[in-house]
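The values are calculated or read from the model by the stated rules, or taken from the named source; none is laboratory data. Just so it is clear, the model here is predicted, and its values are computed rather than measured. A quick note on method: Cβ atoms are made from the backbone with ideal geometry, for glycine too, and the neighbour counts reach across all protein chains shown.
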Amino acid sequence: MGIWQLTGATASTRPTPELPKGQLVIANSVRGQVGCGTFQGSIEAGAGVLRLSLTPDAPDPRVRCLYALPEPFLSALNGTTHYLISADTKHLLLYSKKARFTFTRIGYVTPANKGG
């Protein structure tokens, strides 16, 4: 759980030349942004194995930018299969055979208590 800033990305073992601003907020679900596009979805994680199911939010019709609909980014994120968190919990690595994303923790999230 936490708020994570995207700090690195590779696709097919090649670094992404210009990294867009990206962020994940992980609590009971996932929401985030890449560039000016936003997305949300679900997460299942345990024992280093990960499954993300993220979909883009409808863009503001006034927004004109490359990531208003972040499909390639979300497709790569949805394809991640494993994760690692550093021992100090400050770094998160999401990876698969085709892509790797590195995030740095920039905050914490307290999930809402559904039980009351």
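Using the structure shown, decide if Val30 is modelled with pLDDT of 95 or more and over 16 Å from Ala99 (Cβ atoms).
On the way: modelled with pLDDT of 95 or more: yes; over 16 Å from Ala99 (Cβ atoms): yes.
Here the answer is yes, as Val30 does meet what is asked.
Need pairs with beta-carbon distance below 6 Å; first residue of a type in the set (D, E, K, R) and within region 65-91, second at pLDDT 95 or above; sequence gap 6+ or separate chains.
Sorted first by the residue in region 65-91, then by its partner, the pairs are Lys90/Arg105.
Within region 35-69, take every residue that is surrounded by fewer than 14 Cβ atoms within 10 Å (Cβ to Cβ) and charged (D, E, K, R) and give me the one that is modelled with the lowest pLDDT.
Arg64
Kindly provide the set of residues from region 90-100 that are modelled with pLDDT under 95 and loosely packed, with under 15 Cβ neighbours inside 10 Å, ordered by number.
Lys97, Lys98, listed by residue number.
Every residue in region 85-108 that is among the polar types (S, T, N, Q) and in a strand (DSSP E or B), please.
Step one: filter region 85-108 for residues among the polar types (S, T, N, Q), giving 86, 89, 96, 102, 104.
Across region 85-108, the qualifying residues are Thr102, Thr104.
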